[in-house]
1. Does L399 satisfy being within 30 Å of K212 (Cα to Cα), among the aliphatic types (A, V, I, L, M) and surrounded by fewer than 17 Cβ atoms within 10 Å (Cβ to Cβ)?
2. Scan the range 331-389 for residues that are within 21 Å of R206 (Cα to Cα), open to solvent by 40 Å² or more (accessible area, probe 1.4 Å) and assigned to a loop (DSSP other than H, G, I, E, B) and report the count.
3. Tell me, please, whether a residue that is touching a strand residue (DSSP E or B) at 6+ places or on another chain (Cβ under 6 Å) and under 19 Å from I185 (Cα atoms) can be found in the range 351-364.
4. Counting only residues that are more than 45 Å from the chain's Cα centre (by Cα), part of a helix (DSSP H, G or I) and of a type outside the set (S, T, N, Q), which one in the range 276-292 is nearest to L314 (Cα to Cα)?
Amino acid sequence: MRRTLPHFLVFMTVTCLLWSGILLPVQAAAPVGWSGDSNLAFLLEVNGVNAAESDAANPIPIDLAENLNFSMDIYADTNLTILSYTFTMSYLYMPIINQGDDLSAFILANTTILGFVDESISLASLLSSGLGLISGTITGAFAFTYQNSTGVNATVSENFVLHVGPTGTGAILSISGLITAGFTIMSIFTLILALDEFQRGIFAARKLRGAKRGSDVGIFPRAVVLRRKPKKKGSEQIDKAELTRRVSEAASNAWDNKRCPKCGKKWKKDAPTCGKCGIDTSSAITYFSEDIAEYAPKALVVIKPKSKVTVGKLGKRLKLKPDKAGALAAALVDMGILQTKTVKVPLKKVAFSGMTLAGSYWSWMQIISGATPDLLTIFLTTTAGLVVSVIIGYFMNFLARVPKLGYD
């Protein structure tokens, strides 16, 4: 979005060459309301408004369909040399115009230069650089660096505040307002999903806490993270009969009131047999266990040595229902093939969602109320959001701690 002020540098150069003809000793002091200091004062007007009178509460309204007009008079109280000038305009510290140049122009004491600047910026020419997307506050600044007769350098400057687009709630429907709203909604939605995922992890940890082996849990929840130890020489042998027995132990602890493993019909509570196919509870558990045992070799392909996979992801890769994947995981942990000591928690999602929400606060304040926070304030607000969300995340991570099971 960075552009130079059209014809401004040329105008400044020509002005310096013509100063000898327009230096007028018309007054002995700068008028009240001018910016600067006791040595060099100036009056900067933007669209006919004194820049010194503009602030966040009283911005200068601008229309992108019209030119932005600047005019400036300067007054030197002592002999001095203007060394350089800078002119900037930015939106939330993104530069729109950033220009400066060396002048090295000498001015006599008690001299006023009228019409030092009289220039217009075509805002339409800046639309292609993104200015048309902006709604809210634009901040600008004009500064001179000069050297007085004693050789001391000093800088005088004046800030000004512009406002483009609608104000108040109408700014929400502007392009920048809609973009900010989109980021905010996305951050809130991500934070809600992350907290829901944290909740599932905490409930899963609560189920595992106090267990000494996988069969004590029964069926592992989907949030449980499975680990596989580094592969040793030779291949891991899985005893199908032992695996079936261990799956049966896990299933018998947590299979009740699930769907029939044979026909898929929901098993009625405390019913001795399936209402559709007639299989009894004992036979259903055996069928359930033998069916899961067939997937054990595939599970070792999915969970490679030194890798980590959640029970939920294991079930998706094996195309197993969550209860079957959880029972298989519990059996493989009891057999020492897999291990678990954590549950999945979205700590990074919570941290970055909180940081994004905190960062969007000043965007809303700038769009709706014309706030002009400095860069340090924006940084501290965003950092505070990150710190608070990290603290909350680590607290929830503490609630989701689990015992180590497996590899024994």
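1. Details: within 30 Å of K212 (Cα to Cα): yes; among the aliphatic types (A, V, I, L, M): yes; surrounded by fewer than 17 Cβ atoms within 10 Å (Cβ to Cβ): yes.
Against the criterion (within 30 Å of K212 (Cα to Cα), among the aliphatic types (A, V, I, L, M) and surrounded by fewer than 17 Cβ atoms within 10 Å (Cβ to Cβ)), L399 qualifies.
2. Of the residues in the range 331-389, 1 are within 21 Å of R206 (Cα to Cα), open to solvent by 40 Å² or more (accessible area, probe 1.4 Å) and assigned to a loop (DSSP other than H, G, I, E, B).
3. Just the residues of the range 351-364 that are touching a strand residue (DSSP E or B) at 6+ places or on another chain (Cβ under 6 Å), to begin with: none.
The answer is no, given that none of the residues of the range 351-364 is touching a strand residue (DSSP E or B) at 6+ places or on another chain (Cβ under 6 Å) and under 19 Å from I185 (Cα atoms).
4. We begin by selecting, within the range 276-292, every residue more than 45 Å from the chain's Cα centre (by Cα); these are 276-291.
Still in the list and also part of a helix (DSSP H, G or I): 281-291.
Pick out the ones that are also of a type outside the set (S, T, N, Q) and you get 284-285, 287-288, 290-291.
Working: A284: 23, I285: 21, Y287: 21, F288: 17, E290: 18, D291: 16 Å.
Among those residues, the one meeting the criterion is D291.
The values are calculated or read from the model by the stated rules, or taken from the named source; none is laboratory data. Note that this is a predicted model, so its numbers are computed, not measured. Cβ coordinates were reconstructed from backbone atoms using ideal geometry, including for glycine residues, and neighbour counts include every protein chain displayed. The protein model used for the area step is the full one, side chains on, heavy atoms only, and it has no ligands, DNA or RNA in it. Shrake-Rupley method; radii C 1.70, N 1.55, O 1.52, S 1.80 Å.
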